[in-house]
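The block underneath contains the structure these notes are about, expressed in structure tokens.
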């Protein structure tokens with residue numbers, strides 16, 4: 001058997017299982033090989049040179065010692081190929097070269113080239129690059145002015161790349177850890193999407209469609225629980241990714257979330273209209289998109305944040321999860337988040353807050369704001385989220401993770417222009433209020449934005465007030481006496 005630094009570790013472990021114990025004894029960094037899942041993923045495509053780099057060992061030293069172990073424990077004959085200084089081996093590209101080529105690929109896509117035409121070059125470029133570095137490279141492109149929509153085109157190539165070579169060394173997380181909960185939701189979502197695809201596939205004619213219509217309505221409604229999963233990513237993971245300089249991946253992924261939300265609306269409209277052809281087309285598209293997103297998370301997003309986040313970061317993620325909610329599952333309690341403050345806001349203790357008419361303790365002010373039947377969110381003069389009211393039933397999910405975040409990054413990409421125009425007119429003094437109303441999940445929502453100014457006109461920020469006025473719109477006549485419902 002020929003053995004070189006290019007030899008695949010996964011194949012060697014399959015043929016010589018005793019190498020697992022040898023590697024673990026060689027370096028504690030190889031202890032993850034005890035996990036059978038990781039042996040089938042991390043080691044599946046890793047060459048000896050990559051393994052040596054992970055363990056901080058010379059590739060040639062590891063090559064020779066693996067050969068010795070094979071000979072000692074199996075008596076198989078091993079021939080070493082080109083050990084010790086490989087001048088014929090192409091030197092790996094540095095980061096600057098990879099970014100330059102990556103940018104060129106994105107620009108070619110922008111000029112109209114197809115994904116197929118860049119597939120091989122893309123895979124060759126990033127085959128040995130971790131998810132975290134891919135995210136960092138995307139971030140550099142955004143900093144250079146490349147639009148996120150162009151980078152979004154590469155998402156499917158990312159998935160192909162990680163199907164061919166999984167680079168994550170992420171272990172199985174304990175119940176209660178945010179990644180464990182997200183993965184548990186993905187496991188159920190995958191089964192539900194597969195079932196949804198199966199049901200719609202049976203609607204081959206009007207008769208079968210009529211018979212399956214109720215099941216499809218229920219299945220689409222149940223599948224919509226995945227939106228809560230996306231909202232936790234948007235409110236809990238994305239803000240912390242941005243603190244680590246990873247702003248492009250969240251924006252790209254949020255745009256895909258919005259695509260899926262739009263697919264839900266189209267599917268529901270087609271079901272309401274009992275339009276069989278569109279139901280089949282839209283629901284099938286929805287099921288495939290959800291399963292694609294699951295793969296993007298499992299093989300790109302989760303390894304990326306696992307490599308990047310600190311223990312304190314994960315504590316902050318866990319701290320705000322309950323406020324957003326979960327999709328079909330409840331988090332476990334094996335993993336316990338270390339104590340950490342919910343926000344970076346300073347504490348004023350029991351000092352009274354002086355108001356125009358009276359003074360109140362801070363906790364009373366907070367209780368008043370929480371009891372109001374409206375959602376309040378305040379963005380300061382620098383366009384960063386400074387406060388939101390934590391009412392019992394918020395209309396729009398919020399968590400402490402957005403405090404200090406740029407408000408434009410708290411909205412879907414398609415809404416950013418509108419938000420920026422409102423803030424611009426508020427700052428210039430041209431406008432003091434803007435309002436919208438929408439229908440959402442059977443409720444009528446009234447949304448108002450107010451410019452907050454000091455008496456001298458100094459702009460302090462923008463207050464968003466959202467209220468469910470569905471019940472108010474139904475009121476007629478008068479009620480002059482208290483009636484306890």
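The values are calculated or read from the model by the stated rules, or taken from the named source; none is laboratory data. Note that this is a predicted model, so its numbers are computed, not measured. Glycine also receives a Cβ, built like all others from the backbone with ideal geometry; neighbour counts cover every protein chain displayed.
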Completion exercise
Of the conditions (1) over 27 Å from residue 147 (Cβ atoms); (2) assigned to a loop (DSSP other than H, G, I, E, B), the single one that residue 396 does not satisfy is (1)
Problem - Looking only at segment 372-391, and only at residues there that are out of contact with any strand residue (DSSP E or B) (no Cβ under 8 Å at 6 or more places or on another chain) and touching a residue at least 12 places away in the same chain (Cβ under 8 Å), the one that is surrounded by the most Cβ atoms within 10 Å (Cβ to Cβ) - result: 390
Handout entry: Among the residues listed as 414, 427, 370, 421, the single one being part of a helix (DSSP H, G or I) and within 21 Å of the chain's Cα centre (by Cα)
Key = 414
Completion exercise
When every residue in segment 414-430 that is more than 25 Å from residue 147 (Cβ to Cβ) and in contact with a strand residue (DSSP E or B) (Cβ under 7 Å, 6 or more places away or on another chain) is compared, the one surrounded by the most Cβ atoms within 10 Å (Cβ to Cβ) is 426
Practice task
Filter segment 196-208 for residues that are surrounded by 15 or more Cβ atoms within 10 Å (Cβ to Cβ) and part of a helix (DSSP H, G or I) and give the result.
Solution key: 196, 197, 199, 200
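Report whether or not residue 403 is touching a strand residue (DSSP E or B) at 6+ places or on another chain (Cβ under 8 Å), farther than 23 Å from residue 313 by Cα and at pLDDT 85 or above. So that I can check it myself, show each step before the final result.
Working: touching a strand residue (DSSP E or B) at 6+ places or on another chain (Cβ under 8 Å): yes; farther than 23 Å from residue 313 by Cα: no; at pLDDT 85 or above: yes.
The answer is no for residue 403.
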Handout entry: Qualifying position, being surrounded by 19 or more Cβ atoms within 10 Å (Cβ to Cβ), modelled with pLDDT under 70 and not assigned by TED's automatic domain parsing to the domain that holds residue 246, among 52, 136, 46, 143
Key = 136
Handout entry: Qualifying positions in segment 315-329 - in contact with a helix residue (DSSP H, G or I) (Cβ under 7 Å, 6 or more places away or on another chain), in a helix (DSSP H, G or I) and surrounded by fewer than 22 Cβ atoms within 10 Å (Cβ to Cβ)
Key = 318, 319, 321, 324
Handout entry: Condition broken by residue 463, with the remaining ones in (1) out of contact with any strand residue (DSSP E or B) (no Cβ under 7 Å at 6 or more places or on another chain); (2) within 30 Å of residue 313 (Cβ to Cβ); (3) in a strand (DSSP E or B) satisfied
Key = (1)
Exercise for the section: Give the residues of segment 249-283 that are touching a residue at least 60 places away in the same chain (Cβ under 8 Å), surrounded by fewer than 16 Cβ atoms within 10 Å (Cβ to Cβ) and farther than 25 Å from residue 238 by Cβ, sorted by residue number. Expected result: 274
Completion exercise
Across segment 1-19, the tally of residues that are in a helix (DSSP H, G or I) and either surrounded by 16 or more Cβ atoms within 10 Å (Cβ to Cβ) or at positive phi (or both) stands at 5
Completion exercise
Log entry, pairs with first residue in segment 457-485 being without any contact (Cβ under 8 Å) to a residue 60 or more places away in the chain, second being crowded, with 16+ Cβ neighbours inside 10 Å, beta carbons closer than 7 Å, six or more apart or on different chains, reads 469/444; 469/446; 470/444; 473/444
Practice task
Go through segment 209-230 and give me each residue that's more than 21 Å from the chain's Cα centre (by Cα) and crowded, with 19+ Cβ neighbours inside 10 Å.
Solution key: 209, 212, 216, 219, 220
